[in-house]
Amino acid sequence: MSDVTKIVSDIKNGDIKPIYFLMGEEPYYIDKISEYIEKNVLSEEEKGFNQMVLYGRDVTIDDIVDNAKRFPMMAERQVVIVKEAQDLSKTIEKLLAYVKQPQPTTVLVLCYKYKKIDKRKTLYKEIKKKGVVYESKKLYENHVVDWIRKVLAGKKYKIETKASLMLVEFLGTDLSKISNELDKLMLILPKETTITPEAIEENIGISKDFNNFELRKAIGERDVLKSNRIINHFAQNQKVNPLVVTISLLNIFFTQLLILHSLKDKSKNSISKSLGVNPFFVSDYTTAARNYPMRKVSQVIGLLREADVKSKGVGANALAAGDILKELIFKIIH
């Protein structure tokens, strides 16, 4: 996030580069930087003749270079934004000649999502010399909770850890989706509010009691009653709680328990770092490790594989998803 702040700050201060190559697995910040340039580098009057948006699937590198070499009309500079530039990955090296001698009055922005250019090659090195290369890395799940907290803090909101975890469990690590839901919450709730699990449930529709996070916790504690309540809810709401997602998350959980059992250093920091989980979760893992010895964990992973096969319709005799889950949880806990 600090790199993004610097890029935006430099642009605000008039330090505008001729080339911005925005690449990487996380599209959120690529979109944010390109949107900022699109909205702020030129005035509204200048944009009509001096700003264009191209799409990688519709143009060639030659088309981009031809547009970039144009002179601005009645303005200090022009802006050329190439969205979905990753569609030009096979020919992107052809951009090198222009990068070596970029048009100083053009701001060329390439949004190269989900991919990266080779940092060992001349193209990367030349762009670094003449402009900005920003790599937007995917955040791991355990870092997204902290990202949510920082984003909200910047807008004078707080959030309870469980509320953040509900968002991550429901939306994954897609920052754009999470950001959209946070925007909705901030429209509804006044500033200085602490966002609670109840607020998430009421305004976004994610159940605070019946979700994979709570199921995992109940299984870890070998809480039969709570586990059954949750899976019965899942069985009645399969669109919101697909079986394949539940199996996948439980498989990750028990695989992490295997790693935990093998750790020599079982301090909170060591577990959090080794498993790649938020420190908030560590007690759930240590409780589960006490309840599930290594041999049992290995058996559970086998059960999860069997359930996954059944969920895909192999050898299940048309067993309903809810029944597959009930059978699975019974075998895990008992």
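Shown are 115, 69, 162, whose ranking by accessible area with a 1.4 Å probe and every protein chain present, most to least, is 69, 115, 162.
Using a Gaussian network model of the chain in which every pair of alpha carbons under 10 angstrom is joined by a spring, one finds that among 188, 301, 30 the greatest mean-square fluctuation is at 188. When the solvent-accessible area of the range 1-74 is split by element, carbon and sulfur atoms take up 49 percent of it, the probe being 1.4 Å. Each residue was assigned an accessible area with a 1.4 Å probe, and for residue 139 the value is about 50 Å². How big is the antiparallel share of DSSP beta bridges in the range 30-160, given as a percent to the nearest 5? Among the beta bridges of the range 30-160, antiparallel pairing accounts for roughly 0 percent.
Taking amide H atoms as placed 1.01 Å from N in the peptide plane, the amide H of residue 78 lies under 5 Å from those of 106, 107, each 5 or more residues away in sequence or on another chain.
Here is the link list: 17/69; 138/268; 296/331; 32/116; 32/150. Which ones come out longer than 20 Å on Cα distance? Provide the component values of the computation, followed by the final result.
On the way: 17/69 15 Å; 138/268 25 Å; 296/331 11 Å; 32/116 18 Å; 32/150 16 Å.
Pairs exceeding the cut-off: 138/268.
Counting only Cα atoms, the range 198-309 measures 42, 34, 22 Å along its principal axes, largest extent leading. Other residues with beta-carbon under 15 Å from the beta-carbon of residue 236 carry, at +1 per Lys or Arg and -1 per Asp or Glu, a net charge of +1. Shown here: Rg/Rh (Cα atoms, Kirkwood Rh), derived from the displayed model; of the candidates (1) 1.02; (2) 0.93; (3) 1.07, it corresponds to (3). Taking Cβ atoms as reference points and 12 Å as the exclusive limit, the residues near residue 299 contribute a net charge of +3, counting Lys and Arg as +1 and Asp and Glu as -1. In this structure residue 223 has an accessible area near 50 Å², from a 1.4 Å probe over the protein heavy atoms. In summary, the aspartates and glutamates within cross-link reach of residue 6, defined as a Cα separation below 12 angstrom excluding same-chain residues under 8 places away, comprise 15.
The values are calculated or read from the model by the stated rules, or taken from the named source; none is laboratory data. Quantities reported herein were computed from a predicted structural model and do not represent experimental measurements. Please note: Cβ atoms are built from the backbone with ideal geometry, for glycine as well, and neighbour counts cover all protein chains shown. Ligands, DNA and RNA are excluded from the accessible area calculation, which covers all protein heavy atoms including side chains. Shrake-Rupley method; radii C 1.70, N 1.55, O 1.52, S 1.80 Å.
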